[in-house]
Amino acid sequence: MDSRSFNHNLAQVRQEYPIPPVPDWTRSGKLRIAAVYGGYLSRRLVDLVGDYPGLWYESLLPPTETMVDYTPEVADMLQEARVNLVVMGYFSKNFGFKVERPQYEQCARFIYECHQRDIRAMVYISFANIHKTLIEEMPEAATWVQRNADGTPKAYGPHGERLHGCYNNPGWFEYQKKVAINVVQSGADGVFI
């Protein structure tokens, strides 16, 4: 896809989905954000990615000590801190729908709890990588991978457990749309990629 095609597609998307006005609660001085990384998927990252030297989580406490579950008690703490927007990590990191389903469900329950406390919730989805569990669930995902100049799959990170998804691949784009549908169904107020 050349830049003219990309710009044309972007213009078409903006026309079909106009950007709404900025809500008052996000204006200067009113936005109070907290980031919470947790849930089922956070606790499974070491199992899914492996315990490789040099990965980001090695410099932190073990995930079971640094990650929280998305519970009503955590929503209570956010409310007590007067947070009005929580950014939730790891809604989807492209491990596949079967692996991530418990995370989607836990996120949806937590979003509901936040909404009961007038806290909006954004979720993180990765648009960049494909994990081997996704390929195991959906073998066609192997064709959605970016390729290096020599034709080999482009690794995401130093160990090759995850691969870069190809943004121009229609299959990859369709998969990401399904992830986005799960985000909407969860009740999230926003998403960051």
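Taking region 78-104 only, how many residues are open to solvent by less than 10 Å² (accessible area, probe 1.4 Å) and either of a type in the set (G, A, S) or free of Cβ contacts under 8 Å to residues at least 12 places away in the same chain (or both)?
Here the count works out to 3.
Scan region 129-140 residue by residue and report those that are farther than 8 Å from K93 by Cβ and touching a residue at least 60 places away in the same chain (Cβ under 8 Å).
Correct list: T133 only.
Filter region 179-188 down to the residues that are in contact with a helix residue (DSSP H, G or I) (Cβ under 8 Å, 6 or more places away or on another chain) and surrounded by 12 or more Cβ atoms within 10 Å (Cβ to Cβ), then identify the one that is nearest to C107 (Cα to Cα).
S186
Assuming S126 fulfils every condition listed in (1) at pLDDT 90 or above; (2) hydroxyl-bearing (S, T, Y); (3) within 30 Å of I33 (Cα to Cα) apart from one, which condition is it?
Exception for S126: condition (1).
Picking from C107, C166, which residue would you name as being open to solvent by less than 40 Å² (accessible area, probe 1.4 Å) and free of Cβ contacts under 8 Å to residues at least 60 places away in the same chain?
Exactly one of C107, C166 is open to solvent by less than 40 Å² (accessible area, probe 1.4 Å) and free of Cβ contacts under 8 Å to residues at least 60 places away in the same chain, namely C166.
Of the residues that sit in region 147-163 and are touching a residue at least 12 places away in the same chain (Cβ under 8 Å) and more than 18 Å from I125 (Cβ to Cβ), which one is least open to solvent (accessible area, probe 1.4 Å)?
So, considering only residues that are touching a residue at least 12 places away in the same chain (Cβ under 8 Å) and more than 18 Å from I125 (Cβ to Cβ), the one least open to solvent (accessible area, probe 1.4 Å) is E161.
Given (1) open to solvent by 50 Å² or more (accessible area, probe 1.4 Å); (2) over 30 Å from M77 (Cα atoms), where does H115 come up short, assuming only one miss?
(2)
The values are calculated or read from the model by the stated rules, or taken from the named source; none is laboratory data. All of these numbers come straight from a predicted model, not from anything done at the bench. Here the Cβ is made from the backbone with ideal geometry for all residues, glycine too, and neighbour counts use every protein chain on show. The area values use the complete protein model at the heavy-atom level, side chains included, leaving out ligands, DNA and RNA. Shrake-Rupley method; radii C 1.70, N 1.55, O 1.52, S 1.80 Å.
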